[in-house]
Amino acid sequence: MQAGKPILYSYFRSSCSWRVRIALALKSIDYETIPINLIKDGGQQFSEEFQALNPMKQVPALKIDGITIGQSLAIIEYLEETRPTPRLLPRDPKKRAHVRMISDLIAGGIQPLQNLSVLKQVGQENQLTWAQKAITSGFNALEQILQSTAGRYCVGDEVSMADLCLVPQVANAERLSRHPWSPISEALLSIWLSPEPPPPNSDKPDLLHKNQKCV
């Protein structure tokens, strides 16, 4: 690995990791990826080596500038503060608050309820129903918020951290839920078709690169 290059510890199905990959791509930050398979060998995140990097035993984790950061929103905020171009947080304090509100709603109120560790607790026969309920409830709330905040993107007419959270979450919804094609999904078309689309999941197995959408 190139000395000094950031290292992202990631899993291809992790929507939290995907948020960070989009941020790194939009900010044109070159980095290395070390895949952490959350299922193989009982979960590689439980290895002593990875626990030393992130005691929460979760992905993503980013080694950058001599430190290691866990939690996707903390990583994105650090990138924003140290590498502010292009901006992912608006200058206007009201819009910035809206971006953080939407990001927290997704990262704290929707995505964790579909986490592998949570789904294991509800039992295999209840996992799909649980995930669908969490997605539908969260998206119903999110759609109401976006009615007052959205322009071309979640908040106004510029891509922000909120969009970085929403893109992977919609992909999860398409995979897990019967949630109908909604204004959220329609609005995302502008992101998918933007000049700088979300990057591919570089830690995804080759077969899945060919046959599956990034989730």
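Data overview
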| quantity | calculated |
| --- | --- |
| Every pair of residues 6+ apart whose Cβ atoms lie under 6 Å, when the first sits in the range 32-54 and is farther than 14 Å from Tyr11 by Cα while the second is basic (Lys, Arg) and in a loop (DSSP other than H, G, I, E, B) | Gln51/Lys57 |
| Breaking point among (1) under 15 Å from the mean Cα position of the chain (by Cα); (2) surrounded by fewer than 16 Cβ atoms within 10 Å (Cβ to Cβ); (3) not acidic (Asp, Glu), for Thr68 | (1) |
| Filter result for Glu81 (free of Cβ contacts under 8 Å to residues at least 24 places away in the same chain, within 30 Å of Arg152 (Cβ to Cβ) and more than 16 Å from the chain's Cα centre (by Cα)) | yes |
| Enumeration of residues in the range 38-63 that are buried (at least 16 other Cβ atoms within 10 Å of the Cβ) and within 18 Å of the chain's Cα centre (by Cα) | Leu38, Gln45, Asn54, Lys57, Gln58, Val59, Pro60, Ala61, Leu62, Lys63 |
| Counted residues, the range 49-94 - those being in contact with a strand residue (DSSP E or B) (Cβ under 7 Å, 6 or more places away or on another chain) and assigned to a strand (DSSP E or B) | 6 |
| Out of Ile67, Ile102, sole residue that is modelled with pLDDT of 85 or more and outside the structural domain of Val159 (by TED's automatic domain parsing) | Ile67 |
| Failed condition for Phe139, given (1) of a type in the set (Phe, Trp, Tyr); (2) at pLDDT 95 or above; (3) not assigned by TED's automatic domain parsing to the domain that holds Arg19 | (2) |
| Hits in the range 22-48 (condition: in a helix (DSSP H, G or I) and either of a type in the set (A, V, I, L, M, F, W, C) or more than 24 Å from Lys120 (Cβ to Cβ) (or both)) | Ile22, Ala23, Leu24, Ala25, Leu26, Phe46 |
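The values are calculated or read from the model by the stated rules, or taken from the named source; none is laboratory data. Just so you know, these numbers come straight off a predicted model, no measurement behind them. FYI the Cβ positions are ideal-geometry reconstructions off the backbone, even for glycines, and counts take in every protein chain you see.
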